[in-house]
Amino acid sequence: MKYRQLTKEQLDSLHEEFAKFLATQSIDAKEWEIITKEKPVMASEELNVFSDMVWEDVLNKTKYIEHFSKTSVNLFKCEAETIYRIAIQIDWDIDLLSQEGFEWLMQNPMDNSVAIYKGEKQYNSERNEELFDLIEKGGSINRGEIFEYFWQLIS
């Protein structure tokens, strides 16, 4: 398995897609029920293959990832060969995870207590594996408005 198996909630939300996936392997609902009860290893393998396909599709479409903590923000723009990063650090006690803290940052990005760094690098391994690692460490896929706002601000 390249990534990780989808959670039950994720699989539930992809019920139709999973049914189509099973159909491509000539497995209908009755047969799937039998497989899950009598051949749990085979069922797990099927779920692993499907999960990897879903993750690969999602990661191929991913352009931006962000990770917020109480006093820092990491914003990523994920191109084909290069990943761009903006790191923002706050030097005083403000909670960027709160709406108030986030709004303060967006209204005061050039405040003396805000340090903004930018960088870029080529991927160390396969692109999607690195993006998956960022997501597993708490990053979330987004549309990139915050990244682009700060990129224009500091460029």
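Readers should treat all values here as calculations from the given coordinates under stated rules, not as data from a laboratory. Being a predicted model, the structure only gives us computed values, none of them experimental. Counting neighbours? That spans all protein chains shown, and the Cβs are built from the backbone with ideal geometry, glycine included.
Considering every pair of different Cα atoms, what Kirkwood radius, in Å, is found for the stretch 60-126?
On the way: mean 1/r = 0.0774 Å⁻¹.
About 12.9 Å, per the Kirkwood formula over Cα pairs.
What do you get for chymotrypsin sites (Phe, Trp or Tyr not before Pro) in the stretch 76-155 restricted to DSSP loop and a cutoff of at most 16 other Cβ within 10 Å of the site's Cβ? Could the numbers behind the result be given before it?
Details: sites: Phe76, Tyr84, Trp92, Phe102, Trp104, Tyr117, Tyr123, Phe132, Phe147, Tyr149, Phe150, Trp151; in loops: Trp92, Tyr123.
Filter output for the stretch 76-155: Trp92, Tyr123.
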Sort out the exposed loop trypsin sites (Lys or Arg not before Pro) in the chain (DSSP loop, at most 11 other Cβ within 10 Å) and tell me the longest stretch that has none.
1-136
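So if I place +1 on the C-beta of Lys and Arg and -1 on the C-beta of Asp and Glu, and nothing else carries charge, what would the dipole magnitude of the stretch 64-154 be about its Cα centre? I want it in debye, nearest 20. Kindly include the intermediate steps, with their values, before the conclusion.
On the way: 8 positive and 17 negative charges, 31 e Å.
With Lys and Arg at +1 and Asp and Glu at -1, about 140 debye.
In what order do Met53, Met110 fall by count of nearby beta-carbon atoms within 10 Å, going from fewest to most? Before the final figure, lay out the partial values.
Values: Met53 14, Met110 8.
Lowest to highest Cβ neighbour count: Met110, Met53.
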Longer than 29 Å from Cα to Cα, which of Lys63/Lys137; Lys61/Lys118; Lys2/Lys39; Lys39/Lys137; Lys8/Lys137; Lys20/Lys137 are they? Say none if no pair is.
Lys39/Lys137; Lys20/Lys137
Would you calculate the volume per residue, in Å³, of the smallest convex hull containing every Cα atom of the stretch 1-113?
152 Å³
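If the only charges are +1 at each Lys and Arg Cβ and -1 at each Asp and Glu Cβ, what is the size of the charge dipole of the chain around the Cα centre, to the nearest 20 debye? Intermediate values should be presented prior to the final figure.
Working: 17 positive and 30 negative charges, 46 e Å.
Using Cβ point charges on Lys, Arg, Asp and Glu, the chain gives about 220 debye.
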Cross-link partners among aspartates and glutamates for Lys77, C-alpha distance below 14 Å, same-chain residues fewer than 8 apart left out?
Glu66, Glu120, Glu130, Glu145, Glu148
With the dipole of the stretch 64-154 worked out from charges on the C-beta (+1 for Lys and Arg, -1 for Asp and Glu) around the Cα centre, which of Leu153, Gln99, Asn74 lies farthest toward the positive end?
Leu153
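What helices does the chain hold that run 15 Å or longer along their axis, going by alpha-carbon atoms, with a Kyte-Doolittle average of -1.0 or more, using DSSP H for the helix calls?
Values: long enough: 40-61 (32 Å, 0.01).
Once both thresholds are applied, what remains is 40-61.
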State the Cα centre-to-centre distance between the stretch 41-60 and the stretch 85-130 in whole Å.
32 Å
Percentage relative contact order, the chain, counting C-alpha pairs under 8 Å, at least six apart
23 percent
